[in-house]
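Have a look at the structure below, then the notes.
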Amino acid sequence: MVLRGQKLYYTINAVAGLAIFFFGYDQGMMGGVNTSPDYVATMKLGYSTYEGPSQGYVATITNPTRQGGIVSIYYFGTLIGCLVGGVIGDRLGRLKTMAIGSVWVLFGAALQCSAQNIAWMCCARVINGIGTGHLNAIVPVWSAEVATHTSRGAFIATEFTLNIFGVVVAYWLEFGLGFIGDGNTQIRWRFPIAFQILPILGFMLALLWMPESPRWLVKAGRVKEAKEILMRIRAIDDANDTESPVINQEFNDIVDVVALEKKHAKRNTYWSMFWGIGSGDLHIARRVQLSIWLQIIQEWVGIAAITVYAPTIFAEAGYSPRKAEWLSGLNDITYMLSTLVAILTIDRWGRRVGLWWGAVGQGLAMFLAGAFGRLLKDHPENANAYGGATAFFIFVYTAVFGATWLTIPWVYPTETFPLEVRAKGNAWGVVGWSIGNGWLTLLNPVMFNAIHENTLHIFGIVNILSIPMVWAFYPETANRTLEEIDLLFASKSPLVWNEERHFKELKVKALKDAIDGSPTPEESSA
């Protein structure tokens, strides 16, 4: 049976979600691994003490820099992987690139779960990161290119619900394994690492039945195949929509844009993209910078700290190790449920509104969590009240982030680049994510060790600073076709209000030319 219409559309969404589930699991996994006593001893990160039957062995980290280095070196791998994946994705196609990335992940996961020392572990995490970088660069692009322009954000936001479900599965799996024996077992950290192999194997198997991106097929010259796949995806149930004017118009727009973009092939290298060489009015360099910095800021608003170091934060709030672990797990569930808000709002409210209200909510939550953490230290006699308030605002922060900043920085790069360089463009976004995540996970243990709850104030400041940045430089992309966005960035000014004004002028001119029957600028340059 050949899937068509909504059945195929939602199947693609589910298969892409499987890869995103792995991505979330892989990130969340290290939180529990870092607290495993046997892992701490194997990697020489500190020591463990027996805290009685209720707590078991509890690890104490004496070398936070080494701990942070093992976590962050993974993002060096994702940086390499996304750049390589971007090139392969534009040359060989989305499906082949995702399959190649999956093989890297399988190899890296096998090496990680069998690691015997820190050098082995670091090499394995780099290899795993290379594979994840491939997937991060291509899976969102594949999703964006098959989605409709009115549901593109919700399409990808749905996948990120599965992303956080991966975090939840990782956390509770590791939490349960902590009760085996006295908590000082190898299975407590080796099995969770090996578990990530299962969703990747399922993803690779499912790819055998998935269609290639019709936009990439047009670029590759496989026009007939591209139209057939687009018809399948956009079909209404089992109807034959070959003559659908809406689908034909979408297909013709894709063909026209591909023809125009191929005239500017010299802009396709990473070097040319970063500096804008040969991009003319498309302003590729501007789009690269917007993608990189949005992903860097996404990590520095504080989520990397909350995801990996939540038990540490709750411990700072005065909770026992076991209670801190319970709270961290419940916080992850809140995180997952909050992503459902993003599915409902990301296309209705737009990207800019989501980033604005998210930054306000996250900033306030971070400031208040840090303030109550300080009060807890100054007034230990009110530990229950101040500790509870600190935990509450950590939950608030996580919920707001899941509803806003989790998804939007991943959707934005998939929308803002021309088709000819879309995979490489999204790879630049993953470069920003890798830099932000690697930098922060390296500094997080040092920051919490040195300035404790004041670390949360730093994240609060970053949230507030992001508001004017989004207001001035990030134009709205919601409910615009991927082809229309080239017009949005045609303005010589990088300021949003100038871009919007120029966009309206170009749309009016195109409409006038169509009414008069005169050639469009694209036709004139053909």
Just wondering, is there one or more residues in segment 450-462 that are outside any helix (DSSP H, G or I) and either modelled with pLDDT under 85 or among the charged types (D, E, K, R) (or both)? yes
Name, by its number, the condition in (1) modelled with pLDDT under 90; (2) open to solvent by 50 Å² or more (accessible area, probe 1.4 Å) that does not hold for Asp513. (2)
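Name every residue in segment 425-441 that is of a type in the set (A, V, I, L, M) and surrounded by 20 or more Cβ atoms within 10 Å (Cβ to Cβ), in order of residue number.
Ala427, Val430, Val431, Leu440, listed by residue number.
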How many of the residues in segment 180-200 are buried (at least 18 other Cβ atoms within 10 Å of the Cβ), in a loop (DSSP other than H, G, I, E, B) and of a type outside the set (Ser, Thr, Tyr)? 3
Only one residue in Thr97, Thr78, Thr148, Thr161 is over 18 Å from the mean Cα position of the chain (by Cα) and of a type in the set (S, T, N, Q). Which one? Thr148
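To keep it simple, each residue is scored yes or no on (1) touching a Pro at 6+ places or on another chain (Cβ under 6 Å); (2) under 24 Å from Leu364 (Cα atoms).
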| residue | (1), (2) |
| --- | --- |
| Ala399 | no, yes |
| Gly402 | no, yes |
| Ile408 | no, yes |
| Thr416 | no, no |
| Asn426 | yes, no |
| Trp433 | no, yes |
| Pro445 | yes, yes |
| Phe448 | no, yes |
| Ile461 | no, yes |
Subset of segment 142-165 (residues that are assigned to a helix (DSSP H, G or I), β-branched (Val, Ile, Thr) and open to solvent by 20 Å² or more (accessible area, probe 1.4 Å)): Thr158, Thr161
Out of segment 316-348, which residues are among the hydroxyl-bearing types (Ser, Thr, Tyr) and either in contact (Cβ under 8 Å) with a residue 60 or more places away in the chain or over 26 Å from Ala144 (Cα atoms) (or both)? Tyr319, Ser320, Ser328, Thr334, Tyr335, Ser338, Thr339
How many residues does segment 446-486 hold that are under 22 Å from Thr148 (Cβ atoms) and either charged (D, E, K, R) or out of contact with any helix residue (DSSP H, G or I) (no Cβ under 8 Å at 6 or more places or on another chain) (or both)? 6
Picked from segment 24-42 (must be farther than 11 Å from Gly183 by Cβ and hydroxyl-bearing (Ser, Thr, Tyr)), the residue surrounded by the most Cβ atoms within 10 Å (Cβ to Cβ) is Tyr25
Output for Cβ contacts, cut-off 9 Å, separation at least six or different chains, first residue within 27 Å of Trp471 (Cβ to Cβ) in segment 496-513, second modelled with pLDDT under 85, reads Leu506/Pro521
Here's a check for you: in segment 420-464, which residue that is among the hydroxyl-bearing types (Ser, Thr, Tyr) and under 20 Å from Pro409 (Cβ atoms) is farthest from the chain's Cα centre (by Cα)? Thr441
Return the only residue of Ala310, Ala317 being among the aliphatic types (A, V, I, L, M), crowded, with 21+ Cβ neighbours inside 10 Å and in contact with a Leu (Cβ under 7 Å, 6 or more places away or on another chain). Ala317
How many residues are open to solvent by less than 10 Å² (accessible area, probe 1.4 Å) and among the charged types (D, E, K, R) when one looks only at segment 46-60? 0
Is it true that some residue in segment 77-96 is closer than 17 Å to Phe23 by Cα, open to solvent by 20 Å² or more (accessible area, probe 1.4 Å) and free of Cβ contacts under 8 Å to residues at least 40 places away in the same chain? no
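Listed here are the residues, each with its yes/no results for (1) crowded, with 21+ Cβ neighbours inside 10 Å; (2) closer than 29 Å to Ile313 by Cβ; (3) in contact with a Cys (Cβ under 8 Å, 6 or more places away or on another chain).
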{"position": "Tyr10", "(1), (2), (3)": "no, no, no"}
{"position": "Ala14", "(1), (2), (3)": "no, no, no"}
{"position": "Phe22", "(1), (2), (3)": "yes, yes, no"}
{"position": "Lys44", "(1), (2), (3)": "no, yes, no"}
{"position": "Asn63", "(1), (2), (3)": "no, yes, no"}
{"position": "Val71", "(1), (2), (3)": "yes, yes, no"}
Any residue that is at pLDDT below 90, closer than 22 Å to Gly388 by Cα and out of contact with any Asp or Glu (no Cβ under 8 Å at 6 or more places or on another chain) - is there at least one of those in segment 277-290? no
Restricting attention to segment 286-298, does a residue exist that is touching a residue at least 60 places away in the same chain (Cβ under 8 Å), in a loop (DSSP other than H, G, I, E, B) and out of contact with any helix residue (DSSP H, G or I) (no Cβ under 8 Å at 6 or more places or on another chain)? no
Looking at (1) within 17 Å of Glu174 (Cβ to Cβ); (2) at pLDDT below 90, can you tell me which one Thr60 breaks? (1)
Please enumerate the residues belonging to segment 3-52 that are hydroxyl-bearing (Ser, Thr, Tyr) and part of a helix (DSSP H, G or I). Tyr9, Tyr10, Thr11, Tyr25, Tyr39, Thr42
Considering only segment 391-446, state which residues are over 18 Å from Val84 (Cβ atoms), of a type in the set (Ser, Thr, Tyr) and modelled with pLDDT under 90. Thr414, Thr441
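Every residue, every condition in (1) farther than 28 Å from Gly425 by Cβ; (2) out of contact with any helix residue (DSSP H, G or I) (no Cβ under 7 Å at 6 or more places or on another chain); (3) touching a residue at least 24 places away in the same chain (Cβ under 8 Å); (4) not β-branched (Val, Ile, Thr), yes or no:
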{"residue": "Ala115", "(1), (2), (3), (4)": "yes, no, yes, yes"}
{"residue": "Val146", "(1), (2), (3), (4)": "no, no, yes, no"}
{"residue": "Ser151", "(1), (2), (3), (4)": "no, yes, yes, yes"}
{"residue": "Leu162", "(1), (2), (3), (4)": "no, no, yes, yes"}
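The values are calculated or read from the model by the stated rules, or taken from the named source; none is laboratory data. Remember, predicted model here, so these are calculated numbers, not experimental data. So basically every Cβ, Gly included, is an ideal-geometry build from the backbone, and we count neighbours across all protein chains shown. Remember, those area values only see protein heavy atoms, side chains included, never the ligands or the DNA or RNA. Shrake-Rupley method; radii C 1.70, N 1.55, O 1.52, S 1.80 Å.
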